[in-house]
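Below is one structure, written out as structure tokens, with a few remarks after it.
The values are calculated or read from the model by the stated rules, or taken from the named source; none is laboratory data. If you're wondering where the values come from, they're calculated on a predicted model, not measured in any experiment. Cβ placement follows ideal geometry from the backbone for every residue including glycine, while neighbour counts extend to all protein chains displayed. All accessible areas refer to the heavy atoms of the entire protein, side chains included, with ligands and DNA or RNA removed. Shrake-Rupley method; radii C 1.70, N 1.55, O 1.52, S 1.80 Å.
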Amino acid sequence: MPVVLKKPIPADGVRQDRADVSERVSSILEDIRSHGDAAVRAWSETFDKWSPDSFRLSPERIEEIIAGVPTQVIEDIEFVQHQVRTFAQHQRDSLTDFEVETLPGVHLGQKHIPINRVGAYVPGGRYPLTASAHMTIVTAKVAGVPSVAACTPPIRGEIPAATVAAMHLAGADEIYLLGGVQAIGALARGTETIDRVDLLAGPGNAYVAEAKRQLFGEVGIDLFAGPTEILVIADEFADPFVVAVDLLSQAEHGPDSPAVLITTSEELGRKVMAHIDALLPDMPTKDFAEPAWRDHGEVLVVDSLDDAYRLADTYASEHVEVLTRTPREALEKMTNYGGLFLGEGTCVSYGDKVIGTNHVLPTRGSARYTGGLWVGKYLKTVTYSEVVNTASSAQLGEVCGRASRVELFEGHARSGDVRAAKYAGAALPWAGPVYTGADA
């Protein structure tokens, strides 16, 4: 059993009232379904005090906005998007179409077809999250998606110019200054001025996440997202100050963001906690990071790194940072994580902002069964079949007839029977002794 140096407060004391969120989201989505643009405009005015003549930015307005963004910001956006695009292209190149002949004249194939239209949500709110534009839009374009509609909210009534620049440079075909549930609802269901999409991608707050959950099925989604998570595995060789800084780097995402340390050294664990206590008072994002650490922070001491890997796998955390003497060992030892960040030279913040892997990752334990957003999410892997050899079709027909009757599917069986009869002269048990093919 691990030694617990810090544990989170009971969930009932900090859990957001999900029932209230669900009910509010449901009412907004139903309003959008019934009233289209009028409802979208009303909710945008309510939540963001934003009601322009058109939520969609014209090409001319986009150029004006980008012209006001500092050159260094543009260069940095282009640098990061190059990293994301390069990694996504390698992912795409790993997915190949193929066709095989499994029996004489029996051809089976697989194709990867881009989704036709994607909605990319780029959060705003307190922070202009330009990186989400890279992750959702660039990756979609590498996949070959022909139409990407991107939404981001105004921030305190202002246009987030750097975010608009990132969306445009990423390749968005349409850019809307529209946020929250109203943006998600408009993209998913369509309005008089916004065409519906086939898949929604991108992170957001609890209301955005709930809207995506409720709309799943009407539209595809990337992930069921929750608060950002970090789990650090550290041994006695780790720098406790670095560990502390990295834990707080993710805690600042929100007051409900878990930050967990699993270590083989009690001394390191206590030093990390002391550093965090010293760092928090002067941290500009203290109002989020402090309650996140206080309510959701954990420090656990285990006997060995093998114990640390096993315990970390039970969390299935969104981000797992490995600050040990042999960090690549985690690649062999661990199976449940959204993204793995190996060694002191790497950090979760690199993944969030600059390194090129996608930062839209599974949370709330869903890394047990899924990875994060990647180029394959924007592709439909479909199959096709063709039988051009009559003897093979007759053989398949005979087996299909027998297999279908085991399952009591007579109609399926007859589809196989007629081919066995037509191509090999087999008797039809339900329509006479021999099918001659006279109706062909």
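Amide H contacts for SER147 (H built 1.01 Å from N in the peptide plane; partners 5 or more residues away or on another chain; cut-off under 5 Å): VAL118. Using the Stokes-Einstein relation with a Kirkwood hydrodynamic radius computed over Cα pairs, the translational diffusion coefficient of region 238-327 at 10 °C and a viscosity of 1.306 mPa s comes to 120 µm²/s. Here's how it looks for LYS6: its modeled amide H is under 5 Å from those of VAL299, which are all 5 or more places away or on a different chain. At a probe radius of 1.4 angstrom, the accessible area of region 325-365 per residue rounds to 50 square angstrom.
Look at the alpha carbon pairs under 8 Å that are at least 6 residues apart: their mean separation over the length of region 199-355 gives a relative contact order of 24 percent.
For region 127-168, the Kirkwood radius over C-alpha pairs fed into Stokes-Einstein at 10 °C and 1.306 mPa s yields D = 146 µm² per second.
Accessible surface for region 141-238, divided over its residues, is 31 Å² per residue with a 1.4 Å probe.
Rg and Dmax over the alpha-carbon atoms of region 296-425 stand at 25.7, 74 Å.
Given in Å, the Rg to one decimal and the Dmax to the nearest whole number for the Cα atoms of region 1-134 are 23.8, 66. Think of the chain as having a plus end and a minus end, set by charges on the Cβ of Lys, Arg, Asp and Glu; of LEU200, VAL3, VAL80, LEU200 sits farthest toward the positive end of this dipole. When GluC sites (Glu not before Pro) are flagged only if DSSP places them in a loop and at most 16 other Cβ atoms lie within 10 Å, the longest unflagged stretch of the chain comes out as 1-191. Given in Å, the Rg to one decimal and the Dmax to the nearest whole number for the Cα atoms of the chain are 26.9, 89. P(r) tail for region 1-77, what percent of Cα pairs lie past 18 Å? Of the Cα pairs, 69 percent sit more than 18 Å apart.
The overall shape of region 157-311, judged from the alpha-carbon gyration tensor, is prolate: a/c is not under 1.5, and a/b is greater than b/c. Write down the Kirkwood hydrodynamic radius of region 318-383, to one decimal in angstroms, obtained as one divided by the mean of 1/r over all alpha carbon pairs. Computed over region 318-383, the radius equals 12.9 Å.
Highest GNM mean-square fluctuation among ALA289, ALA42, ALA19, for the chain modelled with Cα contacts below 10 Å: ALA19. Helix-only arithmetic for the chain: the sum of -39500 (n - 2.57) across DSSP H runs with n ≥ 4, divided by the residue total, places the mean residue ellipticity at 222 nm at -13500 deg cm²/dmol. Across LEU279, LEU323, LEU340, mean-square fluctuation computed from a Gaussian network of the chain (C-alpha pairs under 10 Å connected) peaks at LEU279. If you restrict to DSSP beta bridges whose two residues both lie in the chain, what percentage is antiparallel, to the nearest 5? Percentage antiparallel, nearest 5: 35.
Within a straight-line Cα-Cα reach of under 21 Å, LYS7 can be paired with the following lysines, leaving aside sequence neighbours fewer than 8 residues apart in one chain: LYS271, LYS286. The convex hull defined by the C-alpha atoms of region 66-203 has an orientation-averaged projected area of 10.3 nm².
Averaging the Cα positions of each part gives two centres, and for region 127-171 and region 106-125 these lie 17 Å apart. Just the protein heavy atoms count here, and of the accessible area of the chain at 1.4 Å, carbon and sulfur take up 53 percent. Each Lys and Arg contributes +1 and each Asp and Glu -1, all at the Cβ; summed about the Cα centre of the chain, the dipole is approximately 1060 debye. Under Stokes-Einstein, with the Kirkwood radius over Cα pairs standing in for Rh, what whole-number D in µm²/s applies to region 173-261 at 10 °C and 1.306 mPa s? After rounding, the answer is 104 µm²/s.
Per residue and in Å³, how big is the convex hull formed by the alpha-carbon atoms of region 358-413?
Dividing the Cα hull volume of region 358-413 by its residue count gives 165 Å³.
Here is the P(r) of region 109-182: all C-alpha pair distances, binned every 5 Å from 0, give 3, 18, 29, 21, 13, 7, 4, 2, 1, 0, 0 in whole percents. Rounded to the nearest 20 debye, the dipole size of region 311-382 about its Cα centre is 280 debye, using +1 on the Cβ of Lys and Arg and -1 on the Cβ of Asp and Glu.
For the options ARG126, ARG270, ARG368, a Gaussian network treatment of the chain with springs between C-alpha atoms closer than 10 Å singles out ARG126 as fluctuating the most.
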